[in-house]
Amino acid sequence: MAHFDKKLAPNNKFWDSLAKTVQTAFPTKKGLNDGSNLGQKIHNLRYIISAQQAQYIRDNYPGKTDAEKLANYMKECGKGSYELEGSRLHQKMNLSTGEYPQGYGKGDYKVTQNFHTEFLLNSEGKFQNEIDPDGINLNGQINGASFNYGNKKVNTHKYLDINVVHDLDPQWRHNNSNGYKSPYLDSDAPKGSSKYPDSYTNSHGHYAINGMLSKDNATQLGHKFDQMVKKSTGQ
């Protein structure tokens, strides 16, 4: 991380340029998983990028928590500078024990900027990342943020960001994630099926939090962040 410029902000045009370069270099359905050493290195780089972007916020904006600092940053960036994306893939639970990883708190939620930049925070307002100079927890290693090389809702995101995780993630992440699984989409776990207890939208299922859908819980946490941005002083 020391090799990054201290002034390289998450909304810098460099990041979009980097994403386009990766898309150009890996244009096929194999994405980064083309069998090359470079593809694996580029995949693992995403975790370092996310750590750098989170640390930039910590180092340059006021606030008692990471969430408050991020809110001040987004306030400075202006209206429409971020989106609250679905965080289903960042809500992995150990189905054998029924427990979320240490650091999950009462939920994770995701804030993106220009889609490529991704911030993952827990209910206590702390960034969750695979690597983190401020201290690593199990939730960050399992559910943490990762920079996106692909574009939103198109195949580049599928080939460059989603499909490659299983094959290209470092072994330590596989080891720590063993037994943890994300909730199912509605289409994969319809009501009445054997998978329905593990559905993202089952208020009485394994992923429910205090009788609330895990999806709705993340949405509620995101709304709280919205309010934090509106109240931010930017001072």
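Here are the numbers for this structure:
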| quantity | calculated |
| --- | --- |
| Label point distance in nm, ASN155-ILE48, each placed 7 Å from Cα along Cα→Cβ | 3.0 |
| Pairs from LYS6/LYS69; LYS30/LYS106; LYS158/LYS215; LYS69/LYS110; LYS75/LYS158; LYS106/LYS230 whose Cα-Cα separation, in the structure shown, is over 25 Å | LYS30/LYS106; LYS75/LYS158 |
| Whole-number accessible area per residue in Å² for the stretch 84-235, which is evaluated in the context of all protein chains at 1.4 Å | 49 |
| Cα lying deepest toward the dipole's positive end in the chain, options SER199, GLY211, MET228, charges on Cβ | MET228 |
| Sum of side-chain charges, PHE127 neighbourhood, beta-carbon under 10 Å (Lys, Arg +1; Asp, Glu -1) | 0 |
| Highest-first arrangement of 152-163, 207-218, 168-179, 114-125, where packing means the average Cβ count within 10 Å | 114-125, 207-218, 152-163, 168-179 |
| Cα shape, the stretch 1-138, gyration tensor, a/c 1.5 rule | oblate |
| Under 5 Å, built H, 5+ apart or other chain: amide partners of ILE209 | SER214 |
| Simple Cβ-charge dipole of the chain, Lys/Arg +1 and Asp/Glu -1, about Cα centre, in debye nearest 20 | 420 |
| The stretch 197-235 versus the stretch 110-124: alpha-carbon centroid distance in Å | 13 |
| The chain: relative contact order in percent, alpha carbon pairs under 8 Å with at least 6 residues between | 23 |
| Apportionment of accessible area to carbon and sulfur, the chain, percent (1.4 Å) | 50 |
| Rounded, prolate or oblate (a/c below 1.5 giving rounded, otherwise prolate when a/b exceeds b/c) for the chain by Cα gyration tensor | oblate |
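The values are calculated or read from the model by the stated rules, or taken from the named source; none is laboratory data. What you see is a predicted model; the values in this text were computed from it and never measured. No Cβ is skipped: glycine too gets one built from the backbone with ideal geometry, and neighbour counts run over all protein chains shown. All accessible areas refer to the heavy atoms of the entire protein, side chains included, with ligands and DNA or RNA removed. Shrake-Rupley method; radii C 1.70, N 1.55, O 1.52, S 1.80 Å.
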